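Visitor: I'd like to ask some things about the structure below.
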Amino acid sequence: MSSFGTRTSFDRSASAGSGFSLDSAHLDPISTSRHHRDGSGGSGQSKHLRGSFNASAGNKKRGLVKQKRSGSGDASAKSGSSSSAVTFTLGIRLDENATLLQIKGHIVRIAKDQDGSRFIQQRLASSSNEELNLVFSEAMSSIEDLWNDVYGNFILQKLLDHGTEDMKDELGDRFYADVVSLSNRVYGCRVVQKAFDTLPKKKVAKLVSAFEGRVLPCIHDHNGNHVIQKSITVIKSLDPIINEVIHDMEGLSRHPYGCRVVQRMVEHCIEPQKSRVLDSIIIHHNVLVDDQYGNYVVQRSLAYGREQDRKAVFETVSEADNVVRLSMRKQASNVVEMMIKHGNERQRQKLVQEMLDGNTQSAIIAMSMDSYANYVVKTAMDVVDSSPQRDQLFGVLISHLRELVSI
């Protein structure tokens, strides 16, 4: 097989775990078909927030609901029979014409059931003011029973979607005292992220301020790191977060969750906050270039950073025989590729010339045969504009064509 085949995403993705996230598409803005450049480990489609409850998420029953359908059991369900109904053990039979008023006084108990949660969510999407007020009132009186419940948390999310501005303000005020602990819980972190998406920016900034002094534990948490990432994409008042991150930039950049938070900062922070983050990254870039997770942070700095950031990385990559050596390393080869893509013309030409010269006349051929460096060669072939250098690159490869295709 040719050395220039397409690599699968497994080959170079950092095993950071799938985790839960609100916007996975945004986590990989410059990912390629062969690896995930934010260290997410190829988590794929987000599992963390769904608009309505996914029936496959847990099957634990709480004795509140059972399904009754006319016809022959499952067959009627599969055929989409319009006569299907849900009968709660409270003695209330609900069909498609039922309203939330029929379960007044029992909203919280029913919200914590799989089918009951689904019913309430569907009704909230088109409820009357009276129904909305009823659900809000009962939910607020027992909010601690709902916000980290496998089914109940979706009711709070729906209230954030469909509630009035006054309702959202009251929910935001109630979240404030518990936002940090909620962020570190499996279902509570979903509610917090939804709050960040739906509440006014001023209210979100107040919630984020509650993390001051507790940012790092949240970043290291499997659930909490997604809340910190979300805050970075939503508001600009990030000093409480940035102050703690830059004091442990190397450690966070080399952490499976921390590297994601740092990347979101590089992508979304505005000046002067962005410069503070980039300055801190560049101080440590030498050790991050070949780190399992740190290389993704350096890549983002090349793509979203300043000219001085690219210059610092270029000097590291281009010194001595580093181009060839780093290109043959799993993590560092990512950085060399990004340097070729985002460097200026002079920088690109020097890097490619280093590949052509190398420490031996066959350096470019050795790179072409290497599991990682061959992608660097391919990128160089794609982006180099200089005709003499491009001709030289292709000439060397063609002269060794028999050797290359025999691999």
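Visitor: Any residue in region 185-196 that is more than 16 Å from Lys158 (Cβ to Cβ) sitting within a Cβ distance under 6 Å of a residue that is among the hydrophobic types (A, V, I, L, M, F, W, C) and buried (at least 24 other Cβ atoms within 10 Å of the Cβ)? List the pairs, counting only those 6 or more apart or interchain.
Guide: Going by the 6 Å Cβ cut-off, the qualifying pairs are Cys189/Val227.
Visitor: Follow-up. Using the structure shown, decide if Ser275 is more than 29 Å from Gln121 (Cβ to Cβ), in contact with a Cys (Cβ under 6 Å, 6 or more places away or on another chain) and not aliphatic (A, V, I, L, M). First the steps, then the outcome.
Guide: On the way: more than 29 Å from Gln121 (Cβ to Cβ): yes; in contact with a Cys (Cβ under 6 Å, 6 or more places away or on another chain): no; not aliphatic (A, V, I, L, M): yes.
When the stated conditions are applied, Ser275 does not pass them.
Visitor: Another question, if that's okay. I'm told Ala139 meets every condition in (1) crowded, with 24+ Cβ neighbours inside 10 Å; (2) not in a helix (DSSP H, G or I) except one. Can you identify the failing condition by its number?
Guide: (2)
Visitor: A follow-up question, please. Out of everything in region 236-263 that is among the charged types (D, E, K, R) and over 15 Å from Val215 (Cα atoms), what residue ends up being least open to solvent (accessible area, probe 1.4 Å)? If you could, list the steps in order and put the result at the bottom.
Guide: At the first step, the residues of region 236-263 found to be among the charged types (D, E, K, R) are 236, 239, 244, 248, 250, 254, 260.
Those still in the list that are over 15 Å from Val215 (Cα atoms) too: 236, 250, 254.
Values: Lys236: 111, Glu250: 62, Arg254: 101 Å².
Residue satisfying both the conditions and the ranking: Glu250.
Visitor: Within the bounds of region 99-114, is there any residue that is open to solvent by 10 Å² or more (accessible area, probe 1.4 Å), among the basic types (Lys, Arg) and in a helix (DSSP H, G or I)?
Guide: Checking region 99-114: at least one residue is open to solvent by 10 Å² or more (accessible area, probe 1.4 Å), among the basic types (Lys, Arg) and in a helix (DSSP H, G or I).
Visitor: Based on what the data block shows, is Arg190 at pLDDT 95 or above, of a type outside the set (Ser, Thr, Tyr) and open to solvent by less than 40 Å² (accessible area, probe 1.4 Å)?
Guide: So Arg190 fits the description; yes.
Visitor: To continue, here is another question. Of the residues Phe175, Phe211, which single one is among the aromatic types (Phe, Trp, Tyr) and either touching a strand residue (DSSP E or B) at 6+ places or on another chain (Cβ under 8 Å) or not in a helix (DSSP H, G or I) (or both)?
Guide: Testing whether each residue is among the aromatic types (Phe, Trp, Tyr) and either touching a strand residue (DSSP E or B) at 6+ places or on another chain (Cβ under 8 Å) or not in a helix (DSSP H, G or I) (or both) leaves just Phe211.
Visitor: Enumerate the helices (runs of 4 or more DSSP H) found wholly within region 216-283, keeping only those where 2 or more residues are of a type in the set (Gly, Ala, Ser) and either under 18 Å from Lys201 (Cα atoms) or within 20 Å of the chain's Cα centre (by Cα) (or both).
Guide: 224-234, 249-253
Visitor: May I pose another question? Where residues in region 144-165 are in a helix (DSSP H, G or I) and open to solvent by less than 10 Å² (accessible area, probe 1.4 Å), which of them is farthest from Phe196 (Cα to Cα)?
Guide: At the first step, the residues of region 144-165 found to be in a helix (DSSP H, G or I) are 144-146, 153-162, 165.
Filter once more, so that each one left must be open to solvent by less than 10 Å² (accessible area, probe 1.4 Å): 146, 153-157, 159-160.
Details: Leu146: 18, Asn153: 15, Phe154: 15, Ile155: 16, Leu156: 13, Gln157: 11, Leu159: 13, Leu160: 10 Å.
That would be Leu146.
Visitor: In a loop (DSSP other than H, G, I, E, B), touching a helix residue (DSSP H, G or I) at 6+ places or on another chain (Cβ under 9 Å) and open to solvent by 10 Å² or more (accessible area, probe 1.4 Å), is that true of Asp291?
Guide: yes
Visitor: Let me ask something additional. Output the residues belonging to region 352-376 that are farther than 14 Å from Gln392 by Cα and not small (Gly, Ala, Ser).
Guide: Asn359, Thr360, Met367, Met369, Asp370, Tyr372, Asn374, Tyr375, Val376
Visitor: Checking the conditions here, which among Lys168, Lys203 is open to solvent by less than 30 Å² (accessible area, probe 1.4 Å), among the basic types (Lys, Arg) and in a helix (DSSP H, G or I)? Walk me through how you get there before you give the answer.
Guide: Numbers: Lys203 fails: open to solvent by less than 30 Å² (accessible area, probe 1.4 Å).
Step by step, each of Lys168, Lys203 is checked, and only Lys168 is open to solvent by less than 30 Å² (accessible area, probe 1.4 Å), among the basic types (Lys, Arg) and in a helix (DSSP H, G or I).
Visitor: OK, next. For a quick check of your reading of the model, give me the residue pairs whose first member lies in region 366-383 and is closer than 13 Å to Ser333 by Cβ and open to solvent by less than 50 Å² (accessible area, probe 1.4 Å), whose second is at pLDDT 85 or above and outside any helix (DSSP H, G or I), with beta-carbon atoms closer than 6 Å and at least 6 apart or on different chains.
Guide: Short answer, once both residue conditions are applied: Asp370/Met328; Ala373/Met328.
Visitor: From Gln347, Gln331, Gln299, Gln308, grab the single residue that is crowded, with 18+ Cβ neighbours inside 10 Å, modelled with pLDDT of 85 or more and more than 24 Å from the chain's Cα centre (by Cα).
Guide: It is Gln347.
The values are calculated or read from the model by the stated rules, or taken from the named source; none is laboratory data. Values in this document were obtained by computation on a predicted structure and should not be read as measured data. We place every Cβ from the backbone using ideal geometry, glycine too, and count neighbours over all the protein chains shown. Each accessible area value is taken on the protein alone, full model and side chains, heavy atoms only, with ligands, DNA and RNA left out. Shrake-Rupley method; radii C 1.70, N 1.55, O 1.52, S 1.80 Å.
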